[in-house]
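Beneath this line is the structure, given in structure tokens, with notes to follow.
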Amino acid sequence: MTIRAAIFGGSGYGGSELLRILLFHPDVEIAFVTANEHAGKRVGEVHRNLLGLTDASFVPAPEDLGSTDVDVAFFALPHGQAMDLIPKLRPGVKAIDLSGDFRIDDPESFEKHYKLSHSATDLQKEFVYGLTETNRDAIREATYIANPGCFATATLLALAPMVKSGLLTGKIIVDAKTGSSGSGAKPASNTHHPQRSNSFYAYKPFTHQHVPEIAQHLGKVVVFENELIFMTHSLPVSRGIFASCYLETNLNLANEDLKHIYSNFYSDAFFVRLVDGSPDINWVKNTNFCDIGTFSNGKQIVVFSALDNLVKGAAGQAVQNMNLMFGLDEKTGLIFAGGNP
Ligand SMILES: NC(=O)c1ccc[n+]([C@@H]2O[C@H](COP(=O)([O-])OP(=O)(O)OC[C@H]3O[C@@H](n4cnc5c(N)ncnc54)[C@H](OP(=O)(O)O)[C@@H]3O)[C@@H](O)[C@H]2O)c1
């Protein structure tokens, strides 16, 4: 079967990565790809990395979504738009939303963190959280996927094995950094090159919208009672997330014990690589890998994770989820190496 896929918001960075992956996916045909300001332009004109690789042009979003002939729709739109569009899809069409619209179960928490009121709260219970490595069975059965945030993916993949182990005590401190493409393709003062290059700063202390998402999902991995402190910083790079997670355990763990916990948890996770030493965003850039490094000092643990915010943190994980939803091997169309360096 060829899967007919629609991409909403194909002219942005997330949409660009969906195109880069789906154009070469052996089981997918792109039915249409939408844009707003870029509607009417050719894909290769807007995403110059795709020049010569497709003849497709961006179209405005169809007026009558219910009659579009697609099997799956990806939404790479600003927060607040998928919640209006997904209810209009023909019943049975699968949807994968890269925005935050359906990641948080509690509507009050959603409104507080996204400064938006939700127009489709009744649909929330039909969404499955798309952190592939911890939620495969539910994703296989899902019609609607809330694809995780990029910071949330890096943090949850780093924390899930230790939270599941039941060995944690005290606070969990996550110190996470992102590249500028995390803010999307539209230029803004905080992503402008002269402001961002050679600079480093923290932002949204205690208020980042991924805090409730991370806490909620850890609570589904296991009863989660540890206090979580999560801080976000801006790196002077265009792609990549790096998370340093500081943890305490209730018994002494040797490095080998720690590595054993992670290798057990991720025994069937092709896209999680356990590395010796620190992971490095250079080696995951443009790939769907999340690299994790673990270190123990008795009861003090540090776990580092690195991924590409636009691939494992967005479009790559979305395609990994689509693969499971359509009964394919989750790696289909996603095995490509990054560059060196
Ligand atoms: N960037 C990341 O690292 C990342 C990671 C994980 C999740 N996400 C989430 O993925 C979503 C897309 O992010 P992005 O970085 O790709 O954003 P982006 O680069 O700003 O792209 C946004 C897309 O939405 C379209 N759009 C903007 N306003 C619109 C409107 N009023 N009506 C219809 N279409 C509109 C844009 O079309 P035009 O350009 O043609 O106007 C563009 O195609 C966001 O919800 C984001 O939070 C992003």
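The values are calculated or read from the model by the stated rules, or taken from the named source; none is laboratory data. No experiment lies behind these values; they were computed from the predicted model shown. Here the Cβ positions follow ideal geometry from the backbone for every residue, glycine too, while neighbour counts run over all protein chains shown.
Structure notes:
- Residue match in the range 142-150 (condition: away from the ligand (no atom under 16 Å from the Cβ) and within 20 Å of ASN323 (Cβ to Cβ)): yes
- ASP257 vs. criteria free of Cβ contacts under 8 Å to residues at least 40 places away in the same chain, over 30 Å from VAL93 (Cβ atoms) and more than 16 Å from the ligand (Cβ to nearest atom): yes
- Within the range 154-206, the set of residues being within 16 Å of the ligand (Cβ to nearest atom), surrounded by 16 or more Cβ atoms within 10 Å (Cβ to Cβ) and in a strand (DSSP E or B) comprises ALA176, LYS177, THR178.
- Of note, LEU98 does not satisfy the criterion of being modelled with pLDDT of 95 or more, more than 18 Å from the chain's Cα centre (by Cα) and not assigned by TED's automatic domain parsing to the domain that holds SER197.
- The set of residues from the range 249-296 being among the acidic types (Asp, Glu) and surrounded by fewer than 17 Cβ atoms within 10 Å (Cβ to Cβ) comprises GLU256, ASP257, ASP268, ASP276, ASP280.
- Residue count for the range 290-333 satisfying the condition of being more than 16 Å from the ligand (Cβ to nearest atom), hydrophobic (A, V, I, L, M, F, W, C) and under 30 Å from LEU247 (Cβ atoms): 7.
- One residue alone among LEU65, LEU19, LEU23 is within 14 Å of the ligand (Cβ to nearest atom), surrounded by fewer than 24 Cβ atoms within 10 Å (Cβ to Cβ), without any contact (Cβ under 8 Å) to a residue 40 or more places away in the chain and among the aliphatic types (A, V, I, L, M), and that residue is LEU65.
- Pairs where the first residue, in the range 97-120, is of a type in the set (Ser, Thr, Tyr) and the second is away from the ligand (no atom under 12 Å from the Cβ), C-beta under 9 Å, 6+ apart: SER109/PRO212; SER109/GLN216; TYR114/ILE104; SER117/PRO107; SER117/PHE110; SER117/GLU111; SER119/PRO87
- Count - residues of the range 1-16 that are surrounded by fewer than 24 Cβ atoms within 10 Å (Cβ to Cβ) and away from the ligand (no atom under 14 Å from the Cβ): 4
- Taken across the range 317-335, residues that are part of a helix (DSSP H, G or I), under 20 Å from VAL174 (Cβ atoms) and in the same structural domain as GLU133 (by TED's automatic domain parsing) do occur, with at least one present.
- Any hit, the range 208-216, residues being more than 16 Å from the ligand (Cβ to nearest atom) and crowded, with 16+ Cβ neighbours inside 10 Å: yes
- Restricting attention to the range 229-279 and to residues that are in a loop (DSSP other than H, G, I, E, B) and among the aliphatic types (A, V, I, L, M), the residue that is nearest to PHE206 (Cα to Cα) turns out to be LEU235.
- Residues satisfying the stated conditions in the range 87-100, i.e. out of contact with any His (no Cβ under 6 Å at 6 or more places or on another chain) and closer than 16 Å to TYR129 by Cα: LYS94, ALA95, ILE96, ASP97, LEU98
- Across the range 34-55, the qualifying residues are those that are among the small types (Gly, Ala, Ser) and more than 10 Å from the ligand (Cβ to nearest atom), and the one among them that is surrounded by the fewest Cβ atoms within 10 Å (Cβ to Cβ) is GLY52.
- Restricting the range 85-126 to residues that are buried (at least 18 other Cβ atoms within 10 Å of the Cβ) and polar (S, T, N, Q), the residue that is nearest to THR207 (Cα to Cα) is SER99.
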